[in-house]
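Written out below as structure tokens is the structure these notes cover.
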Amino acid sequence: MRKLLVCAVVLGLLSPISFTVFSKELKIGYVDVFKIFNEYEKTKEYDKKLEEKKNTAEKDLEKKKESLEKMQTKLDVLKAEEKTKEQAKITDAVKEYRELERKTFFDIKKERDDKMKEIVEDINKIIEDYAQKNGFDLIVNQNALLYGAKVMDITTTILDIANSKYKKK
């Protein structure tokens, strides 16, 4: 009898706590981060700049390559003694070309990675701010979601906020 009384008292004390814990409804949403990233004006604008930079670099490298090919063509009409000297020049020029090509594309890739990181941080900050302002308890990436009601999808809202903030800048 005493054990039963103790259990009843304990349950009586814990039930107000458990009701308050479960009485608050959780506000949950999800976003498609990849869609936001791809349709974000900042991403689109940067992709254009990067593409222009890449095209310019490719044109410069193509000119250097053509110059190397001309040097190689001239090599055929030279005497044996001059051929050896020219071949050394061509070898050095090819090494320089390959190093320039490697460095150019490495620099472009590094710049792209840095900018992409900045864009992802922007998106994360926008989502965090939105969640706090609108009382969300949890916002998850759609890619980690097996199922979510369409009404919980806030992707379009976040994208609109991101683009409007970017246009103001």
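Modelled label positions at K85 and V120, each set 7 Å beyond Cα in the direction of Cβ, lie 5.5 nm from each other.
Report the local net charge at E128: Lys and Arg +1, Asp and Glu -1, summed over other residues whose C-beta lies under 12 Å from its C-beta. Don't skip to the end; give the middle numbers.
Values: positive: K125, K133; negative: E121, D122, D129.
Net of charged neighbours comes to -1.
Against the chain, whose longest principal axis is taken from its Cα atoms, helix 155-168 shows a tilt of about 60°.
What is the extension gain from T73 to N141, computed as 0.36 nm multiplied by their sequence separation minus the C-alpha to C-alpha distance, in nm to one decimal?
Between T73 and N141, full extension yields 18.7 nm more.
Axis of helix 2-23 versus longest Cα principal axis of the chain: the two differ by about 50°, to the nearest ten degrees. Mean sequence separation of contacting Cα pairs (under 8 Å, at least six apart), scaled by the length of the chain, corresponds to a relative contact order of 50 percent. Projected over all directions and averaged, the alpha-carbon convex hull of the chain occupies 19.1 nm². Taking 0.36 nm per residue of separation and subtracting the current Cα-Cα distance, fully stretching the chain between T157 and E39 would add 41.2 nm.
A short reminder: the numbers here are calculations on the coordinates, not readings from a lab. Quick caveat: nothing in here was measured; it's all calculated off a predicted structure. Using ideal geometry, Cβ is built from the backbone for each residue, glycine included, and neighbour counts are taken over all protein chains shown.
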